[in-house]
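**Student:** Have a look at this one before I ask anything.
The values are calculated or read from the model by the stated rules, or taken from the named source; none is laboratory data. In this text the structure is predicted, and so the values were computed from the model without any measurement. All Cβ positions, even for glycine, are placed from backbone atoms using ideal geometry, and neighbour counts span all protein chains on display. Ligands, DNA and RNA are excluded from the accessible area calculation, which covers all protein heavy atoms including side chains. Shrake-Rupley method; radii C 1.70, N 1.55, O 1.52, S 1.80 Å.
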Amino acid sequence: MLSFKKKGRPPRVAVIGLDCAEPSLLFDACAHELPNLAALRERGAYGELESVVPAITVPAWSCMASGKDPGTLGIYGFRNRVDHSYDRLAIADGDAVREPRLWEILSRQGKRVVVLGVPQTYPPRMVNGSLVTSFLTPSIDYPYTFPPSLKNDIARWVGEYMLDVPGFRTDDKEWLLEQIHRMTRRRFEVARRLLDAGPWDFFMMVEMGVDRMHHGFWKDMDPLHRRHDPASPFKDAIRDYYRLIDAEVGTLLERFDDRTHVLVVSDHGARRMEGGICINEWLIREGYLVLAEEPDLSAGPVRFDALKVDWSRTTAWGEGGYYGRIFLNVHGREPRGTVAPGEFESVRDELARKLEAIGDEHGRPIGTRCFRPQELYRETRGVPPDLLVYFGDLAWRSVGSVGWDAIHVFENDTGPDDANHAQHGIFLYAHPTRDLGGVRLSGLHLLQIAPTVLQLLGQPVPFDMQRPAIAEVVEPAAYATR
């Protein structure tokens, strides 16, 4: 096996995370306009990186950094059931992550770490180095750095630090574009300052702007989007933003020496959103979900948690989002369960078959996929959904609200949104000194990143990480047979 250690110069690893970065754009459509990322690709190795199910920011980044799947983390989305009651959901912030992640593992080994903007790092924990939390932080009025004094440094460097773009689901696209660019420039300025501040062994940052751009401007770019306007003044917004990202990444590459392994990754990709499937409307029509009284629709569709459900006659209910979640009302598990435990599997199978048969607004097949958590994950901690649903294989989102008088809708109940997630994100790797020839890899999985980073740093890989390291990355000689 190749050794990376040089006398007095141990290896370093830098992971640049671009939330939602899409392979078809970065590797193909925009590739010729991205000189820094293209240079990494041409002298390194790259490919599509398969995400976990669900392919969503939370929990995907924590899965990547821990090497554990969502079931092992017990985190199945941004909001998760606390117990088997009907109304207790909690946001999965950093306290929800009980498995050690790379910066924690490396801190314990005495390695110096720099962590910036990685989801699920609020509230900030102690590390051997510096940490800046992510968009799940309530605001910069809360503690969002370790050490705490770093917050004052950031204020001097960039003024008001932007954790996210609040209200990014908006029709004011000019404002949105300005805010995303401002957020990105400030985050990369903080990254440069942290890299220059002192010695480090492991650096990881995540920029959320790519995700916000896709959700806000995909229809302007994509001529196949049903709401595409070829005269849109924002038709080049995503392409121009990728150019900004490339330039900012270039300023980081200048700071990496001949012992720094560089990875550029995303937690998932992106694709145009065809529309939404009203999951609870469908369950009501099919007789699985029964309301105790009709909702007041005078102000429009009603969120599920505002409905009055007759739980004594309800079999299942759903949650909206980029993917759907179905929960069965099981006797002895839920407070007023109706599904006998012995009938659980047959009811779940019936629901999966029917959900997968839902077509588009014209009845044409859309390729919906249903997943059973027990078949996906090594274990299922917490309270998993009984089914995870990719409507149209993520071409359609799940709409949880009720009152649309339709199963198919073409607006989002949480605000304007053009794109859904895609199962595959990006992976680029560049060796510090060795030209790997731009080989394109296949079969890469997000859970391989953590063991790969540890292996590159010469650290032991914990036995319970669920995928092996990417062997081609740590043994470039293997490329000789490509």
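**Student:** Set the Förster radius R0 to 25 Å, insert the Cβ-Cβ distance between Arg79 and Lys308 as r into 1/(1 + (r/R0)^6), and round the FRET efficiency to 0.05.
**Tutor:** Numbers: r = 21 Å, r/R0 = 0.82.
Efficiency at R0 = 25 Å is approximately 0.75.
**Student:** If you take every DSSP beta bridge whose two residues both sit in the chain, what share of them, in percent to the nearest 5, is antiparallel?
**Tutor:** Here the antiparallel bridges make up roughly 55 percent for the chain.
**Student:** What full-extension length gain, to one decimal in nm, is calculated for Ala39 and Asp172 as 0.36 nm per residue of separation minus the Cα-Cα distance?
**Tutor:** Values: separation 133, 0.36 × 133 = 47.88 nm, distance 3.55 nm.
Here the segment from Ala39 to Asp172 would lengthen by 44.3 nm.
**Student:** Let me ask something additional. Set the bar at 28 Å for Cα to Cα. Now go through Lys151/Lys173; Lys68/Lys111; Lys308/Lys354 and name every pair that lies beyond it.
**Tutor:** Lys151/Lys173
**Student:** Please compute the length gained on full extension between Ser149 and Arg193, using 0.36 nm multiplied by the number of residues separating them and subtracting their Cα-Cα distance.
**Tutor:** 14.4 nm
**Student:** Right, here's the next one. In the chain, what percent of the accessible surface is made up of carbon and sulfur (1.4 Å probe, ligands and nucleic acids excluded)?
**Tutor:** Taking all protein chains in place, the chain shows 48 percent carbon and sulfur surface.
**Student:** Now, a different point. Provide the per residue accessible area, probe 1.4 Å, for segment 1-148, rounded to a whole number of square angstrom. Before the final figure, lay out the partial values.
**Tutor:** Values: 5320 Å² over 148 residues.
For segment 1-148, the per-residue accessible area is 36 Å².
**Student:** Then there is this: Place +1 on the Cβ of every Lys and Arg and -1 on the Cβ of every Asp and Glu in segment 350-391, take the dipole about the Cα centre, and give the residue among Tyr377, Leu351, Pro365 whose Cα lies farthest towards its positive end.
**Tutor:** Sorting the options by dipole projection puts first Tyr377.
**Student:** Moving on. Under 14 Å from a point placed 7 Å out from the Cα of Ile91 along the Cα-to-Cβ direction: which residues of segment 137-163 have their backbone N that close?
**Tutor:** 137-144, 163
**Student:** Say R0 is 45 Å: what FRET efficiency, to the nearest 0.05, do Ala247 and Asp141 get from their beta-carbon distance?
**Tutor:** Rounded to the nearest 0.05, the efficiency is 0.90.
**Student:** When 1/r is averaged over all different Cα pairs and the result inverted, which Kirkwood radius in Å belongs to segment 126-263?
**Tutor:** It is 16.6 Å.
**Student:** Another one. What does the helix-only formula give at 222 nm for the chain: each DSSP H stretch with n ≥ 4 adding -39500 (n - 2.57), the total divided by the residues, and the result rounded to the nearest 500 deg cm²/dmol?
**Tutor:** That comes out to -8000 deg cm²/dmol.
**Student:** Additional query: Grab the beta carbon distance between Arg434 and Glu293, set R0 = 51 Å, and tell me the FRET efficiency rounded to 0.05.
**Tutor:** Details: r = 68 Å, r/R0 = 1.33.
That pair, Arg434 with Glu293, gives E of 0.15.
**Student:** Take Trp61, Trp175 and sort them by solvent-accessible surface of the protein heavy atoms, 1.4 Å probe, largest at the top.
**Tutor:** Per-residue accessible area, sorted high to low, gives Trp175, Trp61.
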